[in-house]
Amino acid sequence: MSNALQPPASAYFITDEKPADEARTLAIIVDNEPGVLARVIGLFSGRGYNIESLTVSETEHAKHLSRITIVTRGAPPVIEQLKSQLDRIVPVHRVVDLTLDARRSAEDGPIERELALVKVAGTGDNRVEALRLADAFRAKVIDSTIEHFVFEITGKSSKIEKFIAIMSPIGLIEVCRTGVAAMSRGKDGMLDA
């Protein structure tokens, strides 16, 4: 074998390859008590990871359980470490990586939906165009005057992003989004496993 085909013997030529960041949707079942959300969020901020979407709601009133859904982006090893640290927090009952579960089942991804309220100004032709586009996106008018509309739109985050982008040149005034609600496909629930 010639010297040109052999790898260099120096450590200076070794590349430090990092795994690519990827989006992950995590579902966490926790006790519904004060301070739990702050502890969960603290793990992410302590590692310098941003939470792109966060939703929390009580899901089982009798058992005092809440479900936290977090969408974050990061290197897979770090997200695995975050998941194992979340599992060790006392009021956490279960952590499920919905994105990985979907991959293992050869599915496109978990079922994800978000709701947004979008306020758009519009008169004349812009008003007609806003209504036409809202109809194409299946957005509902929930408030209107002769100068503006408030649309309610539900769907994947990418659909909402497109709707907001299309409404921007027409007269976008304000947007309020709920964050992603997500669930795995199939017959089993999070506490069934």
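Listing for the model above:
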| item | result |
| --- | --- |
| Helix axis angle, 125-136 relative to the chain longest principal axis, alpha carbon, degrees | 50 degrees |
| Per-pair calculated FRET efficiency, R0 = 25 Å: Arg177 and Asn126 via Cβ, rounded to 0.05 | 0.65 |
| Unit charges on C-beta of K, R, D, E only; dipole of the chain, Debye | 120 debye |
| Neighbour net charge for Gly171 - beta-carbon separation under 12 angstrom, K R +1, D E -1 | -2 |
| Label-point separation in nm, Ile41 to Ala75, each point 7 Å along Cα→Cβ | 2.7 nm |
| Segments 82-95, 33-46 sorted - mean Cβ within 10 Å per residue, highest first | 82-95, 33-46 |
| Nonlocal amide H pairs with Ala75, under 5 Å, H built at 1.01 Å | Glu22 |
| Helix axis angle, 76-88 relative to the chain longest principal axis, alpha carbon, degrees | 80 degrees |
| GluC sites (Glu not before Pro) restricted to DSSP loop in the range 92-143 with at most 16 other C-beta within 10 Å | Glu107 |
| Most mobile listed residue (Asp21, Asp125, Asp135) in the chain, GNM with C-alpha springs under 10 Å | Asp125 |
| Interchain or long-range residues, amide H under 5 Å from Leu172's placed H | Ala121 |
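Read-outs throughout are calculated quantities, based only on the coordinates presented, and are distinct from any laboratory measurement. Since we're looking at a predicted model, the values are computed, not measured. Note that we place each Cβ from the backbone using ideal geometry, even for glycine, and neighbour counts take in every protein chain shown.
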